[in-house]
Every structure is written in C-alpha cells, then in structure tokens.
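Undergrad: My structure is below; once you've seen it, I'll send some questions.
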Amino acid sequence: MENYEHHITKSIRSLYKKRLPAPLIYLALLIFIWFYFNISSVVFPLKTGTSDSFELLYDRHHHYIQTTLSELYFTGYTQSEFGHNSGYYYYTLRDDECLIVLLSPSTCEEGLPEIKEATVTARILRGTSSYERLLDHLSDDLSWTDDGIRVELSDYYLSEPDFKPVTNNILLIFLALSGLYAAFSALSFLLYLAVPYLAPPCRSLAPFGRPKDLLALAEEELATLPQLATEDMFITEHFFIETSNYGIAIVPIKEIVWIYKHSTLHKVFWYHFSISYTLHITANHHVYIQCPKNIKSDIDGIIDYLAEANHDILVGFNEENRRKVQKIQGNPLQMEKFIALLKKKF
C-alpha cells in the first residue's frame, strides 16, 4: 500500500509550487524593463532646460522629454507618410549647438517660416537614414561639406510626431495590468502554499460544506484506505479525488449527477499515434470536473464504481442525460459550462 497521508495537501502545494516561478519571473522581467528603459517617462516626460544634453539624456533612457524651444526656422523639408506631410523639419540654436526638430503639422501650422517659441513634448532620436538624407540636402543648400555640417549639427534630433501618447498609454496600461495580474497570481500561489484549503480545488467544496473540514475528511479517508486508486484518481468512502499535473479536484460522491468519458485521438499530420480519454464529471451547484489524458480501463473502473456508489448518477453522454442534467441544474447547460470555465480560468 502506498502512503497517501496528506496526499491532497501535498499535491496542492506541489501544483502551486510549480506554477509560482512563472509570475515571479515575469514580474522580475517587468521591473527590469520598467527601470532600465525608463518606461515611466512615456507617461511623465522629463522636463528639460536649454543646457541639458540630448545625447546624455538618450544614453540614460530619457527618450521622451518636454522642452521649450525658441527661434525655430523652417528648413523647407518635410516628412511624409502615406502621401501626407506628417512632420516639418526646423532648426534652432540651443546652447551654441544647432539642433534639428521635427514638428507636427498642428504645432507649426503646416510649415510657418519662423516660430518664436514653442513648448513641445517629443522623442529624442538618434540620427536615422532620413535624418542623414536631410543633412545631405542641407549641406548642398548651404554649399557645405558633409563633414562640416555634421560638426555643426547634433547627432540627435527631436521628433514631436514620434511621441504617440495613445500608443504609449496602451502599452503602459498593458504592462501595468499584466504586472498586477502576475503579482496577484504570485501572492495567491504563496497563500495556497501556506494555507492549502484556501486553494481553488478546496474552495469549490464550499457549496457542499466547510472546505477545511471536507478536506480533512477526504485526507483521512484517502490515508486510511482508498477504495479505488489509479495513477492520479482516487475514490474513498465519500469522495472522488483527482491529483494530476493538470489540476486537483475533490467532490463528494453523493453530489455527482452525471459522468461520462470522451476520447481524444492524438496525431501528427496523418499519423495517429495514441488515444487518450477524459473523464467528465458534473456535480450539483454547477461543479464541473475534467480529468484528461487517462487510459480507458482506469476511467471505466472509476465510472463503474461511482455508478454503483450512487445509483442516481447518470452515466454516458447522450441527449437524454444532457436534458436531465439541464433540468436538474436549472440553467442552459452550455451557459453553465461557460460560467464554470470562467471560474476555472480567473
């Protein structure tokens, strides 16, 4: 006889111990991304003065800034996207350095020759191929050499159109919500490790009695003498118990109303290599249990024993049994399954 003392509690702890690293790793990655790439600057751009170096800000990952620029002059060149002008290139002197600024059409009113002062929220960009082409054109216009104009102009420029608050906010909301979900999952898993009877498999016993007491009774019966045992499914005097890698379930036998098995054919392309069977159990109070990837003999033995232990259990999947269960449950069966699925997932 295998020792099943505290087997359910050990299985619950083992299950959530395996699930715990995933949200912790995601949270660690999220924290690294948040601080290393300074994600907060997307929502709260850094306010800079005229003496702040764009190169230094860029290296420190302060890519989004808010600054006030004065004496802006239109270069005569624009940036086009899908046949429309999406930005206008201006230049200005800033702390004895010539700076290129790409302004949005609304800021420069579709290309004003000169702008006395403008406060912009923009993104610091390192010179790209389009920026290099702009410098080439400017050097031709001014009859300067390429090396000469690059000495006078910064390798970094400001782009107002590249600051996209809607896209940035969507990204931030996604990171925040996913981070909260990961944190909630990690704290929940830690709670289940410390107090197993608060885990979902035990909370599902609430409609049938006090989860803590029912768990203790199921543990006692399983440790004393299970009446039927397969690799991961057990039947005791009063309970059906599953402790597999796919989940853990405990349900009183007297509350079961319907059981049946479903076969799944596993194949790769045209080659069929195995068949597995899933045990489906429907109990009162909208409790649904699935025990996947079992062998046929184990499931047949479980079904036969449960049907003998509770003669009110409906056996087999057919339309008549489906209607009977629908009448017992009181709601459309598919809606109940959908609600149960939501409870299981969230």
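The values are calculated or read from the model by the stated rules, or taken from the named source; none is laboratory data. None of these values were measured; they are calculated from a predicted model. Here the Cβ positions follow ideal geometry from the backbone for every residue, glycine too, while neighbour counts run over all protein chains shown. Note: accessible area is taken over every heavy atom of the protein model, side chains too, but ligands, DNA and RNA are not part of it. Shrake-Rupley method; radii C 1.70, N 1.55, O 1.52, S 1.80 Å.
Undergrad: All other residues with a Cβ under 14 Å from the Cβ of D312 taken together, and with Lys, Arg as +1 and Asp, Glu as -1, what is their net charge?
TA: +1
Undergrad: Now a separate question. For the chain, modelled as a Gaussian network with Cα springs under 10 Å, which listed residue fluctuates most, L56, L279, L198?
TA: Highest fluctuation among the options: L56.
Undergrad: Let me ask something else about it. With every protein chain in place, what's the accessible area of H285 (1.4 Å probe, Å², nearest 10)?
TA: The accessible area comes out at roughly 100 Å².
Undergrad: Same structure, new question: Per residue, how much accessible area does the chain show when a 1.4 Å probe rolls over the protein heavy atoms, in square angstrom?
TA: Value returned for the chain: 59 Å² of accessible area per residue.
Undergrad: Based on DSSP H runs of at least 4 residues, each adding -39500 (n - 2.57), what is the mean residue ellipticity at 222 nm of the chain after dividing by all its residues, to the nearest 500 deg cm²/dmol?
TA: After summing the helix terms and dividing by the residues of the chain, the value is -13500 deg cm²/dmol.
Undergrad: Oh, and also: Dipole magnitude of the chain about its Cα centre, charges +1 at Lys/Arg Cβ and -1 at Asp/Glu Cβ only, in debye to the nearest 20?
TA: 2080
Undergrad: Quick check on my link table: of K261/K293; K212/K261; K296/K324; K254/K324; K261/K324, which ones sit more than 20 Å apart, alpha carbon to alpha carbon?
TA: Result: K212/K261; K296/K324 exceed 20 Å.
Undergrad: For the stretch 34-47, what does the Karplus curve 6.51 cos²θ - 1.76 cosθ + 1.60, with θ = phi - 60°, yield as ³J(HN,Hα) per residue in whole Hz, taken in order and with x for Gly and Pro?
TA: Once θ is set to phi - 60°, the couplings for the stretch 34-47 become 4, 8, 5, 9, 6, 4, 4, 5, 5, 8, 10, x, 6, 7 Hz.
Undergrad: Keeping all protein chains in position, work out how much accessible area S106 exposes to a 1.4 Å probe, and write it in Å² to the nearest 10.
TA: It works out to around 100 Å².
Undergrad: Still on this model: Got a number for the accessible area of Y192? Probe 1.4 Å, square angstrom, nearest 10.
TA: So the heavy atoms of Y192 present about 30 Å² to solvent.
Undergrad: Next question, about the same structure. Around I303, what is the net charge, scoring Lys/Arg as +1 and Asp/Glu as -1 over all other residues with Cβ under 13 Å from its Cβ?
TA: Once all neighbours under 13 Å are counted, the net charge is -2.
Undergrad: Give the carbon-plus-sulfur fraction of the accessible surface of the stretch 17-118 in %, rounded to a whole number; probe 1.4 Å, heavy atoms of protein chains only.
TA: Of the solvent-accessible surface of the stretch 17-118, carbon and sulfur hold 58 percent.
Undergrad: Nearest 10 degrees, 0 to 90: what angle lies between the long axis of helix 211-224 and the longest principal axis of the chain (Cα atoms)?
TA: Relative to the chain, helix 211-224 is tipped by roughly 50 degrees.
Undergrad: Farthest toward the dipole's positive end in the chain, which of T167, H6, I39, given Cβ charges of +1 (Lys, Arg) and -1 (Asp, Glu) about the Cα centre?
TA: H6
Undergrad: Reachable aspartates and glutamates from K116, Cα under 15 Å, same-chain residues fewer than 8 places away excluded?
TA: Straight-line reach from K116, under 15 Å: E71.
Undergrad: How large is ³J(HN,Hα), in whole Hz, for each residue of the stretch 20-27 in order, when computed from phi with the Karplus curve 6.51 cos²θ - 1.76 cosθ + 1.60 and θ = phi - 60°, using x for Gly and Pro?
TA: Calculated HN-Hα couplings, in order: 5, x, 4, x, 5, 5, 5, 5 Hz.
Undergrad: Separate question: Placing unit charges on C-beta atoms (Lys and Arg positive, Asp and Glu negative, everything else neutral), compute the dipole magnitude of the stretch 123-186 about its Cα centre in debye, rounded to 20.
TA: The calculation lands at about 600 debye.
Undergrad: Another question about this same structure. Of T68, T167, which has the most accessible area with a 1.4 Å probe, and how do the rest follow in descending order?
TA: T167, T68
Undergrad: Using 0.36 nm per residue of separation minus the Cα-Cα distance, give me the extension gain between K212 and L27 in nm, one decimal.
TA: Net length gain for the segment: 63.4 nm.
Undergrad: Can you tell me how the stretch 169-327 classifies by the Cα gyration tensor, rounded, prolate or oblate, using a/c under 1.5 as the rounded cut?
TA: Oblate, because a/c is 1.5 or more while a/b does not exceed b/c.
Undergrad: Using the Cβ atoms and a cut-off under 9 Å, what net charge is assigned to the surroundings of Y246, where Lys and Arg are +1 and Asp and Glu are -1?
TA: With Lys, Arg at +1 and Asp, Glu at -1, the neighbours total -1.
Undergrad: On alpha-carbon atoms, Rg over Rh for the chain using Kirkwood Rh?
TA: Rounded to two decimals, Rg/Rh equals 1.27.
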